[in-house]
Structure formats: C-alpha cells, structure tokens
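Asker: Quick one: the structure is below, questions incoming.
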Amino acid sequence: MNYLNSSAMLMAGTLLAFHASAQEAAPSIPPLNDSTSGAMRSFNPAVSAIVDMYYYHEGSEEGLSHMKEEMAGFGGHGHDEEHEHGGKENGFNLNHVELTFSAEVDNYFKALANVAVSEDGAEIEEAWAETTGLPWGLQAKAGKFYSNFGYINAQHTHMWDFSDQPLIYELSLGEHGLNDKGVQLSWLAPTPVYLLFGAEIFQGDNEMMYVQEESDDLPENDGPRLGVGWVKLAPFQFEKSELQLGLFGASGSHQEIHEEGGATNNYDGVNWFAGADVVYKFDSGKAYGQGDATIQAEYFYRNKDLDLQNGTGSLTGAQDGYYIQGTYGILPRWRAGLRWEQVGLTNEEQEPGEDKEEFGESWRASAMLDFRPSEFSQVRFQLNNGDYDLGDEGVENAWEAFVQLTFSIGAHGAHRF
Amino acid sequence: MIYKTGLLLLALSASALSYAGKLNVVTTTSDLASITETVAGDLANVSSICSGNQDPHHLQARPKYVMMARKADLWIRIGMDLEVGWEMPVIDGSRNRKIRPGNPGHLDASAHVHKLDIPDAGILSRAMGDVHASGNPHYLIDPDNAKHVADDIAERLTQLDPKNAETYKENAAAFSSKIDEKMAGWKSAMAPLNGKSIVTYHKSWIYFCEQFGIEIAIELEPKPGVPPSPTHLTRVIQTIQAEDIEIILQEPWYSKKAAERVAEKTGARVVAAPTYTGSDPEAGDYIALIDLIVKRLTE
C-alpha cells in the first residue's frame, strides 16, 4: 500500500501548490452592500441544524438489527459487540442533530464541517476543504467526506427518499456508508455531454468492509488503504428531465478475525467492490412538486480474498445486491414512493480447507408517503416488509414501520443533483 | 492522412476563432437572458437556465445546468436569494472559476434595482413563509427595474469586452428609451385598473402592480410558498366581495383550481399571465412579455 500513500501525498501537494499559484490576482467585484447583507453576514459561515427523529416499530421476535448481523454471507464476522449504536429501538428514536457550517475559506477553497450530534455523543460526519479555482475542469477535496461513488452514498440521511438506507448499503458499508478521511480528485471532461471522473484515496476505516483488527497475529497495514474510482455520465440535455448513469469500483485492505470452536483464525487481504447506478428525475414544472418524479437504482457487488495468517489457505467471499426506487409528487407537497431491494443474488463464502458455501437471498419491499409543509420540514410515513435469509435458522419475515420527522433551521441549504 | 489531419486542425482552429470572438453569457432566468440579448446584440451567445415555464425557486442543480455554466464567461443571476437552492452547486460543479461570486464573470442583477418588501430584520422568521431577507426578488417585472438591469449588464459586458463598450452602452440606452416609449402606451392601456385592487396567487406581482398603480388586496397563498387552504380561500372570497375585485392574476405554473373556485363564487376573472419570457409564444422578449401581461389584464 506504499504506492497509494506516496501518490496521494504527491497528488495533494502538487495540486494545492499549483492551485494557489495558478490564480493570479484577478480583479474582484466588491460584495453588494445593501441594507440587509452587511459585512458581518457575508463573512460568517452559513450555519444550519437539521433534526431527524422517528417513531419506529418492527415486529420480529429476534430483533431486526440482530437478524441483519446474522444474515448468511453478510452478517457478523467475529466482533459482534461493537455496532450497538446502529440498532433502531421500537418507539421514539432521535437519529441525530446535524450541525453544518460552510463558507468560502478564501480565494482558493471552500469548506464545510458537519457534526452529527446524537444522544451517545458527537461525530464528525464531514470536515473538508475543496478547491474553487483549479483549471481544466479539475477539482480537489481533502478531509473527511462521503465518497461520491454511486448515487446515495454522498447524500446525508435527510436527503434520502426513504427513512432508511438501502439494504445493500447497510449490510456492506454500515449506517454511515463510505465516509472516511482522504483526498478526492475529480475531472469534468471537456466533452459535449456531462462526463465526470473521480478518484479517491481513503484511510480505509470503514466499520464493515475495510476493517483493521487489533491483533498481534495480523500485520499492521499503513494507511491509506482504500482507493475508489467512479464515473458519471449525463448523456442527454432534455428540458424537463435528466438521466445520469454511473459506474464505480473500489479496492482496499481488510482484516477479519474468526473465532470458531476455541480456534482463532486471523485473515488479512483485499476487499473490492464495483457496481453501477442510474438516476432519472422529471420536473413537471408544476408548483409545490406536484407531478415530479424520480427513479433511481444501484447495483453493488463485493468480493473479498483474505489470507489466513496463522496457517495456510484463504477466505474468499462474494455478495451482491441492488435496489430500485421511485417517487412521485401525487399532490402539492405530497410524495409517494416505492422501493424494491434484493441482496445475496450472489452469496458465497469459502473458508480454508472447506467446501464453498452458497447462501440464499433476501428481499425487502417498502412504501412511503411524505409531506413537506415547506422546504424546511418533512413528515414521512414508511412501511417495510422483507424476507431475511439467516442461514441455518432459515428465512424470517419482518415488518417495519416508520413515522419520521425532519426539520431544518438556519441557512437555506442548496442540494446537489 | 497528413492532409486530413491538417484539414481537421484547420477546422478546429477556425471554430475556436469564431468561438473566441463571442462572449458566452448564462443567465438564471429567461427575462434576464432577453435583456442581455438586447444589450449584447450579436456580440454574445446568451442562454438561460430557467426556460420561462419553470419556477426559478424550485430547480435542481442538474448536470445540464453544469454543462451550461462550464463555458460561461458571464453568469447573471436575479439574486436576493431567488436561486439559493441550486446556484452554488451548479457553479461549483462547473469548475468555472470565472463565474464564482466576487469575480467579474458573476453579476447580481439586483444591485441597483428598486426593492420592495424588505422584511424588518427584527421580526424576520421562517414562520412568515418563503420570504427573502433582502426583499421580494420578483423585481424584473417592473420595466423601470429592467432599465437598471440593462445598464448593469452593459457595464459588466464592457468590463469583460472593452473594445465593444460603445455598442453595449448604445444598446442599453436604446433599450431604456424603448421602455420609456412603450411605458406611455402601457400606462394608458392600464389606466382603467389604476387605483383598483386585484388578487394574485403568489407575491410575485408587487413590482408590476406598484408601477401601474394597482393595489393587491390579498394573495391566494396564505403565506409565500404555502398553497391555498380552504379557510384562506374563504377569506379571499370575502375580500373580493367586500372590495368588488374583478381580477385574479397568476403565473401559468400554478394550478387554476383554487382561482376558478373563487371565481365561481365571486364572478372575478382568472388571468394567467407569464412573468418570464419564453413561457408563451407571444412573450418572445422582455418588451413582448410586458405587452402580453398588459393585454391579458385589459382584454
């Protein structure tokens, strides 16, 4: 992983230096000084707080978050005591309060810091600076941020069209998706159609797919340990609708500890994933979102190949999944949506010296209805029903219901496509 | 082979030359685009993000807009937070540093216009609905404001392209005199409405009504951005009956249902008129847009 390390440093250093020198003192226009946008307001960062809470009920005996850890091929791999915070409790839940600060830093960078405060403490979701003046369609970003692969990964929870994450994301990357410390370079190609390429190098600290275990029997891999690449294409320039297609892939270091029957097996190796995403949005032109429609879908395949450290042989596995969802503005300010998901169409694992095991697939169907009294508040009702393949314990069906309330105070946010 | 490559290079450089001669201007709304076209004449390629049928409050930062912004030499916005939900993601996404706010390639058209509805900062609250801290952003529907905007655009084009300064200045001056000339006709056509009250759907007509001496008694929206509720419509009906109001005025993108329900009960006339150029075949440019609004209100 040394090449990753040095190339990342080189890339970041060169870009930043070039960036600063490339912008000679351009004549600038003094900001408007009307009665309301005084100097104080324009220098302060935009501040907003988004509160996300929900009432939740699920009907399984075992507890759905526990079931998800047991899911054949996806579930727990040794350390089960860690991710307690991911579980939703029946009853009232305060997901988190998201505090966001953003501003132009200077003539060269813009920056954003986003802290998610929950009852268990505060967590830095994002803290990054991004260049604003690189030439040739380039843009560089450094800090902690959401990877821009796929479509839903880069979105904050309040931007999702459903109250919960797609199953494949939750099972592969955990509740935060791929959110890590690193650098990103993206390039808007000078083509007549929208074509955006991105490369990211991350520390590789994901809680599910890019784990570094603490054990004397495992090598200590230096960071950065994860590389991601993606491309997005918007081939048409329709007046009322937009279609965006994407491809992505990532590869990085991963470790697992398996404890079975008193024996401890330590594995170290590579996990990679690849997939495709598509999103279509239609703007009806009517007021209050009536008649607007979105369709989005993502497919995700992951493959791991880990070497046994205390012996010979390797642990290999492959899982996949997809979701497809659509929403439609049925009335002014009201949207209805449907989502269908499957995981484990490919679902296999092979441990050293054993036969390859094939596991079954799981599915989930969801329906939601949301109401937005204004741009700053939203109430959402959602029902999920799914069959979860728990391996030896068989398939279990579970219902879930959400009533979610999201509201935002402070600066008027702007959302990306 | 060499010959073919040579031809291709020649063609490429030719297209680059013709391209380099013209400024690329992207405006957020179509009325801004029309005024810019008038001021720039043949010296610029002008395009608008909003088509005229779209409400500029509620756009998404689509890849299409990023592509438009990418090649712009000048970006002109209405400002006053009208485009706050999508402008920066489009500019960031375009990686075009020329058009970032604060640079000569970014023009806020509201700089010198006459503003209305500036809320008292002491009581400003989101409970007031979709109000804008720096005032009501629908200022361009007042032809006097359009003259200020044309002057600002001419000044900025001059800064970016000094050799054509005279043309820009002349075109802006011609636009202003055209407005002055037309104003007499518009005023006399609108004379029967002078001093009268009307009802509008959204608070997007206040500048126009002030210019032509029309009172706005009440809006169909109980608060800006909140769709009409039955209780509020009852109040609208009472107001219309009490003040003998004859006209309910709204933009084409709002449903006519609420207005028609009120009209049925009161006998008022529902007038749908565009506020942006290009949303109606008759509103091809800014002057034609005002002509059309006047015609719809007075026919």
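The values are calculated or read from the model by the stated rules, or taken from the named source; none is laboratory data. The structure presented is a predicted model; accordingly, all values stated were derived computationally and were not measured. Neighbour counts are summed over all protein chains in view; Cβ atoms, including those assigned to glycine, are modelled from backbone coordinates with ideal geometry.
Asker: Would you be able to say whether some residue in the stretch B:50-72 is touching a Pro at 6+ places or on another chain (Cβ under 7 Å), among the small types (Gly, Ala, Ser), facing chain A (nearest Cβ under 8 Å) and not in a loop (DSSP other than H, G, I, E, B)?
Answerer: yes
Asker: Further question: State all residues of the stretch B:248-270 that are surrounded by 20 or more Cβ atoms within 10 Å (Cβ to Cβ) and either part of a helix (DSSP H, G or I) or away from chain A (no Cβ under 12 Å) (or both); if no residue qualifies, say none.
Answerer: B:Ile248, B:Leu249, B:Ala258, B:Ala259, B:Val262, B:Ala268
Asker: Of all residues in the stretch A:379-416, count the ones that are assigned to a strand (DSSP E or B) and within 14 Å of another protein chain (Cβ to nearest Cβ). It would help to see each step written out before you state the result.
Answerer: Going through the stretch A:379-416, the residues assigned to a strand (DSSP E or B) turn out to be A:379-389, A:395-410, A:416.
Filter once more, keeping what is within 14 Å of another protein chain (Cβ to nearest Cβ): A:407-410, A:416.
The qualifying residues number 5.
Asker: Select from the stretch B:133-150 the residues that are not acidic (Asp, Glu) and not in a helix (DSSP H, G or I) and write down the one among them that is farthest from B:Pro119 (Cα to Cα). Quick ask: steps written out before the conclusion?
Answerer: Looking only at the stretch B:133-150, we keep the residues that are not acidic (Asp, Glu), and these are B:133-141, B:143, B:145-150.
From what's left, not in a helix (DSSP H, G or I): B:133-138.
Working: B:Ala133: 6, B:Ser134: 7, B:Gly135: 6, B:Asn136: 9, B:Pro137: 12, B:His138: 15 Å.
Going through the qualifying residues, I end up with B:His138.
Asker: Still on this structure, please answer the following. Just to check your reading of the model, which residue among A:Gly223, A:Gly252 is away from chain B (no Cβ under 14 Å) and at pLDDT 95 or above?
Answerer: It is A:Gly252.
Asker: Return yes or no: is B:Asp130 in a loop (DSSP other than H, G, I, E, B), touching a helix residue (DSSP H, G or I) at 6+ places or on another chain (Cβ under 8 Å) and of a type in the set (Asp, Glu)? Show your work before the answer.
Answerer: Working: in a loop (DSSP other than H, G, I, E, B): yes; touching a helix residue (DSSP H, G or I) at 6+ places or on another chain (Cβ under 8 Å): no; of a type in the set (Asp, Glu): yes.
When the stated conditions are applied, B:Asp130 does not pass them.
Asker: Right, here's the next one. For residues that are hydroxyl-bearing (Ser, Thr, Tyr) and surrounded by fewer than 24 Cβ atoms within 10 Å (Cβ to Cβ), scanning just the stretch B:29-69, find the one that is modelled with the lowest pLDDT. Spell out the reasoning first.
Answerer: First pass over the stretch B:29-69, keeping only residues hydroxyl-bearing (Ser, Thr, Tyr): B:29-30, B:34, B:36, B:38, B:47-48, B:51, B:65.
Subset that is surrounded by fewer than 24 Cβ atoms within 10 Å (Cβ to Cβ): B:38, B:47, B:51.
On the way: B:Thr38: 96, B:Ser47: 96, B:Ser51: 89.
Ranking the candidates gives B:Ser51 first.
Asker: On to the next question. Yes or no: B:Asp280 more than 24 Å from B:Val131 (Cβ to Cβ), at pLDDT below 95 and out of contact with any Phe, Trp or Tyr (no Cβ under 6 Å at 6 or more places or on another chain)? Full working, then the answer.
Answerer: Numbers: more than 24 Å from B:Val131 (Cβ to Cβ): yes; at pLDDT below 95: yes; out of contact with any Phe, Trp or Tyr (no Cβ under 6 Å at 6 or more places or on another chain): yes.
Against the criterion (more than 24 Å from B:Val131 (Cβ to Cβ), at pLDDT below 95 and out of contact with any Phe, Trp or Tyr (no Cβ under 6 Å at 6 or more places or on another chain)), B:Asp280 qualifies.
Asker: Take B:Ile179 and decide whether it is surrounded by fewer than 21 Cβ atoms within 10 Å (Cβ to Cβ), of a type in the set (A, V, I, L, M) and part of a loop (DSSP other than H, G, I, E, B). If you could, list the steps in order and put the result at the bottom.
Answerer: On the way: surrounded by fewer than 21 Cβ atoms within 10 Å (Cβ to Cβ): yes; of a type in the set (A, V, I, L, M): yes; part of a loop (DSSP other than H, G, I, E, B): no.
In short, no.
Asker: When you scan the stretch B:106-120, do you find a residue that is modelled with pLDDT of 95 or more, buried (at least 22 other Cβ atoms within 10 Å of the Cβ) and closer than 24 Å to A:Val193 by Cα, even just one?
Answerer: No, the conditions are met nowhere in the stretch B:106-120.
Asker: Any idea which residue in the stretch B:215-239 is surrounded by the most Cβ atoms within 10 Å (Cβ to Cβ), counting only those that are more than 25 Å from B:Pro56 (Cα to Cα) and touching a Leu at 6+ places or on another chain (Cβ under 8 Å)?
Answerer: By that ranking, first place goes to B:Val236.
Asker: Suppose we keep only residues that are more than 14 Å from every other protein chain (Cβ to nearest Cβ) and touching a helix residue (DSSP H, G or I) at 6+ places or on another chain (Cβ under 9 Å) within the stretch A:358-373. Which one would you say is nearest to A:Ala293 (Cα to Cα)? Before you say what the answer is, go through the steps one by one.
Answerer: Let us first name the residues in the stretch A:358-373 that are more than 14 Å from every other protein chain (Cβ to nearest Cβ), namely A:358-370.
Filter once more, keeping what is touching a helix residue (DSSP H, G or I) at 6+ places or on another chain (Cβ under 9 Å): A:359-360, A:362-364.
Details: A:Phe359: 36, A:Gly360: 33, A:Ser362: 28, A:Trp363: 24, A:Arg364: 22 Å.
Restricting to residues being more than 14 Å from every other protein chain (Cβ to nearest Cβ) and touching a helix residue (DSSP H, G or I) at 6+ places or on another chain (Cβ under 9 Å), the top hit is A:Arg364.
Asker: What number of residues within the stretch A:137-155 are within 14 Å of chain B (Cβ to nearest Cβ) and either farther than 14 Å from A:Gly198 by Cβ or outside any strand (DSSP E or B) (or both)?
Answerer: Residues in the stretch A:137-155 being within 14 Å of chain B (Cβ to nearest Cβ) and either farther than 14 Å from A:Gly198 by Cβ or outside any strand (DSSP E or B) (or both): 5 in total.
Asker: From the list A:Glu348, A:Glu298, which one is within 21 Å of A:Phe74 (Cα to Cα) and surrounded by fewer than 19 Cβ atoms within 10 Å (Cβ to Cβ)?
Answerer: On the way: A:Glu298 fails: surrounded by fewer than 19 Cβ atoms within 10 Å (Cβ to Cβ).
Of the residues listed, the single one that is within 21 Å of A:Phe74 (Cα to Cα) and surrounded by fewer than 19 Cβ atoms within 10 Å (Cβ to Cβ) is A:Glu348.
Asker: Within the stretch A:331-355, count every residue that is of a type outside the set (Val, Ile, Thr) and either assigned to a strand (DSSP E or B) or touching an Asp or Glu at 6+ places or on another chain (Cβ under 6 Å) (or both). I'd like the intermediate steps shown before the answer.
Answerer: Going through the stretch A:331-355, the residues of a type outside the set (Val, Ile, Thr) turn out to be A:331-342, A:344-345, A:347-355.
Still in the running and either assigned to a strand (DSSP E or B) or touching an Asp or Glu at 6+ places or on another chain (Cβ under 6 Å) (or both): A:331, A:334-342, A:344-345, A:347-350.
Of the residues in that region, 16 qualify.
Asker: Tell me, please, whether a residue that is at pLDDT 95 or above, within 30 Å of A:Ala365 (Cα to Cα) and within 14 Å of chain B (Cβ to nearest Cβ) can be found in the stretch A:156-172.
Answerer: Yes.
Asker: Can you tell me how many residues in the stretch B:83-94 are surrounded by 23 or more Cβ atoms within 10 Å (Cβ to Cβ) and more than 20 Å from A:Phe43 (Cα to Cα)?
Answerer: Within the stretch B:83-94, residues that are surrounded by 23 or more Cβ atoms within 10 Å (Cβ to Cβ) and more than 20 Å from A:Phe43 (Cα to Cα) number 3.
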